[in-house]
1. Taking the condition within 15 Å of ligand 2 (Cβ to nearest atom), closer than 26 Å to S126 by Cα and in a loop (DSSP other than H, G, I, E, B), does S238 pass?
2. Taking segment 182-235 on its own, how many of its residues are in a strand (DSSP E or B), touching a residue at least 24 places away in the same chain (Cβ under 8 Å) and not basic (K, R)?
3. Being at pLDDT below 95, among the hydroxyl-bearing types (S, T, Y) and in contact with an Asp or Glu (Cβ under 8 Å, 6 or more places away or on another chain) is true for just one of S238, S277, S250. Which residue is that?
4. Which of (1) β-branched (V, I, T); (2) surrounded by fewer than 17 Cβ atoms within 10 Å (Cβ to Cβ); (3) closer than 26 Å to S193 by Cβ is the odd one out, the single condition T88 does not satisfy?
5. How many residues, within segment 89-106, are closer than 17 Å to C47 by Cβ and either in a loop (DSSP other than H, G, I, E, B) or among the basic types (K, R) (or both)?
6. Tell me whether segment 53-75 contains one or more residues that are at pLDDT below 85, surrounded by fewer than 15 Cβ atoms within 10 Å (Cβ to Cβ) and under 28 Å from F132 (Cβ atoms).
Amino acid sequence: MALLLWLGLSLLAAVQASAVKNCHPGCHCEVESFGLFDSFSLTRVDCRELSPSTSMPVPIPLDTAHLDLSSNTMGPLSDTMLAGPGYTTLVSLDLSNNHITKVSPNALSKLRYLETLDLSHNSLQSLPLNCFSGLPLAEVDLSHNSFQEFDMDVFAAKVNGEPVSVDLSYNKLVSVFTTLHGRVLLVQSLNLSANQLQSVPSLAGLPLRYLNLDFNPITHIKEGAFPQLKDVVYLSISGLHELQQIEPNSFKGLQSLQVLDLSNNPKLKSLSPAVFSGLDSLQELNLSGSGVASLPTNILTDLPSIKSITLGQNTHCWRTQKQGQFHRQMGQVQHNEVLNCNVEGVVL
Ligand SMILES: *[C@@H]1O[C@H](CO)[C@@H](O)[C@H](O)[C@H]1NC(C)=O
Ligand SMILES: *[C@@H]1O[C@H](CO)[C@@H](O)[C@H](O)[C@H]1NC(C)=O
């Protein structure tokens, strides 16, 4: 019985990797099979650091799902470089470290099933409008580029000026969608860290869950900087060496935000209570290595869901029950909870 069970489970769980014929010299191709009798398989192709004379598009097996083309000094991305057989069905594509300065308007348009795109460590200052349109992108990494602004219209789709509508019937999609110009958007993770952004880009209406703006020369975060981003659960604004001020109500609209990383912002010296307004779901606040040494009193009222706050070099505070004192005043709910810190005498 146990043996049968083991056999069954190993048949189901076995991931078989085998070499592929027709693999371009210089690339490494692997088929991974899953499921009972290997009923499901996908091909992973690694073409990192090819010889400089390789011409694009690099031939890839027809059923390739994941393609790594990083570190190939591709330069400006033309309409034909990603238009070969096998590219249409890619699910993920890594184009990092390629000296990409420009993306031509239709360079990505054949990648109709692309969900994950890594364009990090290139030299992009902008992207053509609509260049991601029609792609079901969920995750885009644009970190370590030279964006001074970011226009979310790169995700918008228009054909002959008309918004494209997408039929989503008979799908198993479970995530929340919003629409921009009538098009269904899927992008959930956007990484804009280490660019040249001087202010928070307008991303209103994108169904983002993860947003990273680390290491940008942003000096101020303005009131209402994050409108209509109700799905964001994780926001990282860390390592901003020029950040001096976060205005009251800056984070209003981030009603689902659970983690806010404001660490390593040395010029940020204080935060008014109204900075936290609207952050009703926030559980974790990281201010370590920032200039903020103390927090507004009544922080538990301002941040009703907070569980942990990190401050200064090594001060870590957790929500705890106040010991021995139970105020039973009318109308003062949760008065017996405090934030207790690992530094003697510090209670928030
Ligand atoms: C975003 O980019 C930074 C810097 O490259 C990296 O540390 C981080 O892991 C990235 N996050 C995601 C989700 O890709
Ligand atoms: C806070 O941020 C610092 C610096 O980025 C990191 O080392 C630390 O692990 C973070 N703390 C928590 C509790 O996430």
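The values are calculated or read from the model by the stated rules, or taken from the named source; none is laboratory data. What you are looking at is a predicted structure, and each value in this text was computed from that prediction instead of being measured. Here Cβ is always computed from backbone atoms with ideal geometry, including for glycine, and neighbour counts include all displayed protein chains.
1. Against the criterion (within 15 Å of ligand 2 (Cβ to nearest atom), closer than 26 Å to S126 by Cα and in a loop (DSSP other than H, G, I, E, B)), S238 qualifies.
2. Filtering segment 182-235 for residues in a strand (DSSP E or B) gives 183-185, 189-191, 210-212, 220-221, 234-235.
Right, trim to touching a residue at least 24 places away in the same chain (Cβ under 8 Å) and you get 183, 185, 189-191, 210-212, 220-221, 234-235.
Filter once more, so that each one left must be not basic (K, R): 185, 189-191, 210-212, 220-221, 234-235.
Qualifying residue count, segment 182-235: 11.
3. S277
4. Looking at each condition in turn, T88 falls short on (3).
5. Total satisfying the criteria: 9.
6. no
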